[in-house]
Amino acid sequence: MASKLLSNTIQHRASLTKQFVRPLATAAEQLVNTRTTVLPNGLTIATEENTTANGAATVGVWIDAGSRAESASNSGAANLVKRIALQNGKYNGGELTARTTHDQTYYAAKTIKSNVEKSVATLAQIVQDLKLDSLEKERAAVLNQEPSMEDVTFEHLHATAFQGTSLGLPVNGLNVENLTSQDLSNFIKETYTAKRIVLVGAGDVDHDVLVKLAQTNFGSLASGNASTGPQPSFTGSEIRLRDDLAQQAHIALAVEGAPFMSTEYLNLLVMQTIIGSWDSTLGGAANLSSRLSSVVNGNHLADSFASFTKGYKDTGLWGFYAATQNRDQIDDLVHFLQKEWNRLSTTVTASEIERAKVQLKASLLLSLDSSSAVAQDIGSQILTTGKRLSGDELAQAIDKISVSDVRDTANKFIWDQEIAVVGAGPIECLTDYNRVRGNMAYNRF
């Protein structure tokens, strides 16, 4: 399993350590209510209209068809279908992008208002009439893809934390070399259905017009069934891929998190911000507010690290990722990390929480700096939770988080809980798993 995952991982994504670096934006002025309409076949249309976008618009379809919709036999189908669709998509009305994650696939067209009709027609063709003639070319591209070590680490983290469940399957798949056109057709027929799709419009898009376009282009799409299945179980465990010749060690530790956009998920986001992120290449690396960043910076324990929160419709992961050339002090890095984790349920202060809330709100709201970012937010939230929190609602929910909320959440999700650990590279000094598990709870006096 480990070697298979090492060669089949998800597409490159932006480094976690850069997640708080945001461009200046005036997104707050664009925050308006999200309108939704559901067609008779179950397809949802959701828009956030912004008439000040000067004609810029993004329309896309978000589909409940990620790698967790697969099984071991068709593992890799979601990503392969996406790649074929992007390769075959004949679209000259703007920029067409696509991505597959563990829980969803989306196709989005960044365009202008006058080309929205053409964009919707292109998206409808992808969903309902996808030709699979480039299967062999895209299969070869997936098999020859060289993932980053960050991607490798996170796919192994999912594999060990959610072992035996579809959420543990890698996005790039385990069975790509054996998938046939019939396998992909069956996957499309099962998952590219109306009840599993949200058509999203953001920017200079008229909701009523988009509803009419949806009726014309998607009205005959089969309803299908909404995705169902048991909640994936979390297993405390580890995977170690030791390579003493590698330059950097990559480690990740995580506990089971909360479902996406739940109250506890927002609490975990605040806790993530308190732990923080740090990168030695940043000019102000020595002056960040995170206590852990001060320890890491002062003792040269890592090249970079980031706390993360991943939320799915019924579960999640909350944890820490680091890359380090200081292979001899990985044990120290894990020790100080776990001290900070346990402090969240005992001695975290009100001032730390208030500062984290301000930072979190700024990060979340300033990330909505384009119609594409807004569309991504709408599609992900509605597909996962059935509704969307506006910017104001999100800020109000974060403002309500108290010291007791953080401590209670830390007690529930961190204190003496099972933990998943992944290490890759020169990890001889990565702490023994039994010690890591034992240090999830210290004696309290």
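Table for the structure above
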| quantity | calculated |
| --- | --- |
| Most mobile of GLY423, GLY164, GLY316 in a GNM of the chain (Cα contacts under 10 Å) | GLY164 |
| Farthest toward positive dipole pole in the chain [+1 Lys/Arg, -1 Asp/Glu at C-beta], among SER294, SER114, SER380 | SER114 |
| Computed lengthening from SER262 to TYR433, 0.36 nm per intervening residue step minus Cα-Cα distance | 58.5 nm |
| Approximate spin-label separation SER114-GLN128, in nm, with each point projected 7 Å along Cα-to-Cβ | 2.7 |
| Leading residue at positive end of dipole, the chain (Cβ point charges), from ILE45, THR315, ALA141 | ILE45 |
| Paired Rg and Dmax values of the range 44-171, which use every Cα atom, in angstrom | 16.6, 49 |
| Solvent-accessible ranking of ASP405, ASP314, largest area first, probe 1.4 Å | ASP405, ASP314 |
| Relative contact order computed over the chain (Cα-Cα under 8 Å; 6+ residues apart), in percent | 23 |
| The range 351-428: C-alpha gyration tensor shape, a/c 1.5 cut-off, then a/b vs b/c | oblate |
| FRET efficiency, 1/(1 + (r/R0)^6) with R0 35 Å, evaluated for THR385 and ALA350 via beta carbons | 0.75 |
| Whole-percent carbon and sulfur share, accessible surface of the chain, 1.4 Å | 48 |
| Heavy atoms of THR349 accessible to a 1.4 Å probe, total area in Å² rounded to 10 | 60 |
| Cα coordinate range in the range 306-445, projected on the principal axes (Å, largest first) | 46, 38, 27 |
| Nearest-10 value in Å² for the accessible area of SER402, using the 1.4 Å probe | 40 |
| Mean projected area in nm² (Cα convex hull; one quarter of hull surface) for the range 231-383 | 10.9 |
| Of ALA194, VAL211, PHE413, farthest towards positive along the dipole that unit charges on Lys, Arg, Asp, Glu beta carbons give the chain | VAL211 |
| Modelled label reach - LEU143, point 7 Å along Cα→Cβ, the range 173-213 residues with backbone N closer than 20 Å | 173-185 |
| Convex hull volume of the range 190-248 per residue (C-alpha atoms, cubic angstrom) | 228 |
| Solvent exposure, largest accessible area first (probe 1.4 Å, DNA, RNA and ligands not counted), of GLU340, GLU146, GLU418, GLU95 | GLU146, GLU95, GLU418, GLU340 |
| Anchor LYS400: lysines whose Cα lies under 30 Å away (excluding residues fewer than 8 positions away in-chain) | LYS18, LYS310, LYS313, LYS339, LYS357, LYS361, LYS387, LYS412 |
| Dipole magnitude of the range 120-258 about its Cα centre (Cβ charges: Lys, Arg +1; Asp, Glu -1), debye to nearest 20 | 460 |
| Surface/4 estimate of mean projected area, convex hull on alpha-carbon atoms of the chain, nm² | 20.7 |
| Electrostatic dipole magnitude of the chain [Cβ: Lys, Arg +1; Asp, Glu -1; Cα centre; debye, to 20] | 440 |
| Those lysines that a straight Cα-Cα span of less than 16 Å connects to LYS131, excepting residues fewer than 8 apart in one chain | LYS82, LYS90, LYS189 |
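The values are calculated or read from the model by the stated rules, or taken from the named source; none is laboratory data. Predicted model only: the values in this text are computed from it and were never measured. Here the Cβ is made from the backbone with ideal geometry for all residues, glycine too, and neighbour counts use every protein chain on show. We work out accessible area using only protein heavy atoms, side chains counted, and drop any ligands, DNA or RNA first. Shrake-Rupley method; radii C 1.70, N 1.55, O 1.52, S 1.80 Å.
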